[in-house]
Amino acid sequence: MVGKLLLRGMLVGLVAGILAFAFARVYGEPQVDKAIAFEDQQAQAAGEAPEPEMVSRATQAGIGLATGVLVYGAALGGLFSLVFAYAYGRLSSLGPRGTSALIALLGFLAVIVVPGLKYPANPPAVGNAETIGYRTELFFIMIVVSIAAMVAAVGLAQRLWKQLGAWNASIVAALAFLVVFALVKAALPDINEVPENFSATVLWQFRVASLGIQLVLWTVVGLGFGAVAERVVAVRDQRSPARRYA
């Protein structure tokens, strides 16, 4: 069962990657081009020689981007299927589609939205090359804490379910998650390396496009995997009605 779900999850992830690539080409790459143009202008104004282009811009925006997004999509679909296999029947009484959609929503919030509120995506020309390692560490710390807080919040909601009811338990768990996020956000250092003369419009549009790419990926995986998982679960139940995920 898990093997079947894993394979289907990776295939759904590939489909999600194709759609995300199309979105990135239309909405994301123009902002990257503008940011690179700004970087080149700054280098010329400072009398610096342009850095040698190791990989052509056409390759970066074409096969390079497609490869990266497709691999990411397949990996996301595979991991998503494993989480689904564990959570189905444990997370809630929802069916396969509902469980898949709920996991996608919680995962999108914990992995993408919450870390992005503290450390949003930046285009080229934004950020000091000497602080890449430091910024990466902080970003991953934020992701790990966010995921841990989301898992704890889900567990809290399940424990309070019978006492408070589904709605009130969910509200309490959400508030607890927000408190943890606020504390961690305040504790971790802020990073602002955006040049003063960098276009605020380009920065905003790049961050919206980055969020949109992730939204496409998680939405397609959440809804698409729910549809295929429903068929797998239905076949399993027909063969062994008494069997459940444990």
Q) Given the residues ASN192, ASN197, which is the only one that is in contact with a Phe, Trp or Tyr (Cβ under 9 Å, 6 or more places away or on another chain), over 30 Å from MET10 (Cα atoms) and open to solvent by 80 Å² or more (accessible area, probe 1.4 Å)? A) ASN197
Q) For residues in the range 22-54 being part of a helix (DSSP H, G or I) and at pLDDT below 75, which is nearest to the chain's Cα centre (by Cα)? A) ASP40
Q.
at pLDDT 90 or above, more than 16 Å from GLY212 (Cα to Cα) and among the hydrophobic types (A, V, I, L, M, F, W, C): is that true of LEU19 in this structure?
A. no
Q: State yes or no: is ALA85 modelled with pLDDT under 95 and farther than 20 Å from ASP190 by Cβ?
A: yes
Q | Residue, nearest to LEU91 (Cα to Cα), within the range 103-142, restricted to residues that are aliphatic (A, V, I, L, M), touching a helix residue (DSSP H, G or I) at 6+ places or on another chain (Cβ under 6 Å) and assigned to a loop (DSSP other than H, G, I, E, B) | A | ALA121
Q.
Just to be sure I understand, how many residues within the range 159-177 are under 20 Å from ALA104 (Cβ atoms), without any contact (Cβ under 8 Å) to a residue 12 or more places away in the chain and either open to solvent by 60 Å² or more (accessible area, probe 1.4 Å) or within 19 Å of the chain's Cα centre (by Cα) (or both)?
A. 0
**Q.** the range 153-198, subset farther than 17 Å from LEU117 by Cβ and of a type in the set (Lys, Arg), residue modelled with the highest pLDDT
**A.** ARG159
**Q.** the range 55-100 - residue that is part of a helix (DSSP H, G or I) and basic (Lys, Arg) and, of those, surrounded by the fewest Cβ atoms within 10 Å (Cβ to Cβ)
**A.** ARG57
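The values are calculated or read from the model by the stated rules, or taken from the named source; none is laboratory data. Small disclaimer: the values here were computed from a predicted structure and weren't measured. Reconstructed Cβ throughout: ideal geometry from the backbone, glycine too, with neighbour counts over all protein chains shown. Remember, those area values only see protein heavy atoms, side chains included, never the ligands or the DNA or RNA. Shrake-Rupley method; radii C 1.70, N 1.55, O 1.52, S 1.80 Å.
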